[in-house]
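Undergrad: Please find one structure pasted underneath; my questions will follow.
The values are calculated or read from the model by the stated rules, or taken from the named source; none is laboratory data. What you are looking at is a predicted structure, and each value in this text was computed from that prediction instead of being measured. Positions of Cβ are generated from backbone atoms using ideal geometry, with glycine treated the same way; all protein chains shown enter the neighbour counts. Note: accessible area is taken over every heavy atom of the protein model, side chains too, but ligands, DNA and RNA are not part of it. Shrake-Rupley method; radii C 1.70, N 1.55, O 1.52, S 1.80 Å.
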Amino acid sequence: MYHISLNIAGKLCAVVGGGNVAERKVLSLLNAHASVRIISPQLTEVLAEVLSKQTANPAVEWRSRGYQHGDLAGALLVFAATDNPVVQDAVVRDAKKAGMLVNVADAPDLCDFQIPAVVRRDNLNIAVSTNGTSPALAAKIRQDLEKRYGDEYEVLLRLMARLRARICNDASIDGSDRKILFQNILHEDIIHWIRGEQWERLSQHLDTVLGPDVHFDLLDLLELTEKETKPR
Ligand SMILES: C[C@@]1(CC(=O)O)C2=NC(=C\c3[nH]c(c(CCC(=O)O)c3CC(=O)O)Cc3[nH]c(c(CC(=O)O)c3CCC(=O)O)/C=C3\N/C(=C\2)[C@@H](CCC(=O)O)[C@]3(C)CC(=O)O)/[C@H]1CCC(=O)O
Ligand SMILES: NC(=O)c1ccc[n+]([C@@H]2O[C@H](COP(=O)([O-])OP(=O)(O)OC[C@H]3O[C@@H](n4cnc5c(N)ncnc54)[C@H](O)[C@@H]3O)[C@@H](O)[C@H]2O)c1
């Protein structure tokens with residue numbers, strides 16, 4: 001398996017089936033701003049609710065019937081997520097014939113791609129794959145990672161992303177200096193400072209690492225409000 005992060009915003013994905021598995025796939029596709037076509041005679045309550053809120057938004061389409069040849073037209077990714085092996089076979093055959101990548105809910109070996117379990121912290125995504133050998137373990141490891149990597153990592157990533165943009169725009173800092181600078185910014189205690197809201201300590205550290213010439217506004221770097229950064 002080869003792990004990539006796909007930008008599927010605005011791309012059509014076809015999900016055949018409207019049960020629990022299809023629900024999980026549809027929600028994560030919508031979360032990634034894809035357009036989704038669901039083909040299924042029935043939907044879960046959650047999917048029905050998503051559909052009912054979509055009247056003004058064409059991001060989700062529901063074909064409320066059994067799968068038919070032609071339903072995959074225009075799709076980038078295909079999900080076969082029914083409980084009927086005959087339908088699963090037809091979807092896989094049609095998708096492969098059309099050169100589309102297909103995910104097969106009940107057959108890891110037939111999958112062109114599989115969905116990992118993901119910890120989401122804004123732009124930080126930690127994906128866990130077992131290459132389909134134990135989804136339950138992937139989910140368990142995701143839960144463990146969720147405890148280890150909390151919301152403070154969103155703040156740290158915002159800080160690093162903003163500093164990176166600044167530093168990469170600074171012609172006086174060359175590539176190898178940049179690498180060392182990023183390593184130095186990522187002090188082993190930085191996440192403790194953020195978790196403990198020790199903004200003064202963090203600010204001193206950045207001063208030391210970046211030197212006197214680089215001026216920064218910590219509030220702006222962290223995208224926090226003044227109230228949130230008041231010393232405690
Ligand atoms: C990660 C996650 C993402 C998602 O679906 O969004 C995901 N499965 C999740 C949960 C989960 N799935 C199952 C259980 C019950 C316990 C168990 O059986 O182990 C649980 C646990 C639970 O529900 O907590 C049952 C199951 N899953 C598959 C089969 C078919 C088979 O193995 O034959 C069966 C047996 C069905 C049956 O009973 O017959 C197949 C696949 N499931 C995958 C992904 C892909 C491989 C990922 C990997 O590399 O491990 C793959 C190959 C295809 C795909 O779906 O992409 C999501 C966790 C989300 C989260 O919590 O973070
Ligand atoms: N990949 C995974 O993560 C995972 C997890 C659990 C189960 N599974 C397997 O995935 C499959 C689906 O599981 P589920 O829990 O969503 O089942 P489910 O019974 O909740 O849903 C099945 C769905 O398929 C639809 N369907 C039936 N015939 C259809 C047709 N001709 N055309 C279109 N849709 C049709 C039904 O209306 C229903 O919405 C099962 O084979 C299950 O063993 C996979």
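Undergrad: Below 15 angstrom from the Cβ of T44, what's the summed charge of the other residues (Lys, Arg +1; Asp, Glu -1)?
TA: Summing Lys and Arg as +1 and Asp and Glu as -1 gives -1.
Undergrad: List the equivalent ellipsoid semi-axes of the stretch 12-115 in whole Å, largest first, each obtained as the square root of 5λ for an eigenvalue λ of the Cα gyration tensor.
TA: Equivalent-ellipsoid dimensions as semi-axes: 20, 14, 13 Å.
Undergrad: Let's test this: bin the Cα-Cα distances of the chain at 5 Å from zero up to the farthest pair and state each bin's percent.
TA: 1, 6, 12, 14, 13, 11, 10, 9, 9, 8, 6, 3, 1, 0
Undergrad: Next question, about the same structure. As an exercise, find the ratio Rg/Rh for the stretch 151-222 from alpha-carbon atoms, using the Kirkwood inverse-distance average for Rh.
TA: Ratio of gyration radius to Kirkwood radius: 0.94.
Undergrad: Then there's this: Can you list the HN-Hα couplings for the stretch 187-202, worked out from phi with the Karplus curve (6.51, -1.76, 1.60; θ = phi - 60°), rounded to whole Hz and with x for Gly and Pro?
TA: Here the 3J(HN,Hα) series is 4, 4, 9, 4, 5, 5, 5, 5, 4, x, 6, 8, 5, 4, 5, 5 Hz.
Undergrad: Over 27 Å between Cα atoms: which of K25/K97; K11/K53; K25/K96; K53/K97 fall into that group?
TA: Check vs 27 Å cut-off fails for K53/K97.
Undergrad: Over the Cα atoms of the stretch 112-232, compute the convex hull volume and normalise it per residue, giving Å³.
TA: Expressed per residue, the convex hull around the Cα atoms of the stretch 112-232 is 141 Å³.
Undergrad: In whole Hz, with x marking every Gly and Pro, tabulate ³J(HN,Hα) for the stretch 37-44 from phi via Karplus 6.51 cos²θ - 1.76 cosθ + 1.60, θ = phi - 60°.
TA: After applying 6.51 cos²θ - 1.76 cosθ + 1.60, I find 10, 9, 10, 5, x, 10, 10, 5 Hz.
Undergrad: Heavy-atom accessible area per residue, the chain, 1.4 Å probe: how many Å²?
TA: On a per-residue basis, 61 Å².
Undergrad: For L101, which sequence-distant residues (separation of 5 or more, or a different chain) have an amide H within less than 5 Å of its own amide H, given hydrogens modelled in the peptide plane?
TA: Under 5 Å from the amide H of L101 lie the amide H atoms of V78, each far enough along the sequence or on another chain.
Undergrad: Can I ask one more? What's the carbon and sulfur percent of the stretch 12-115's accessible surface, probe 1.4 angstrom, rounded to a whole number?
TA: 53
Undergrad: Now for a separate question. Hey, what did the chain get for relative contact order, percent, Cα under 8 Å, at least 6 apart?
TA: Averaging sequence separation for qualifying contacts and normalising by length gives 12 percent for the chain.
Undergrad: With θ set to phi - 60°, apply the Karplus curve 6.51 cos²θ - 1.76 cosθ + 1.60 along the stretch 161-176 and write out the HN-Hα couplings as whole Hz, x wherever there is a Gly or Pro.
TA: 5, 5, 5, 4, 4, 4, 5, 5, 7, 8, 5, 7, 9, 8, x, 6
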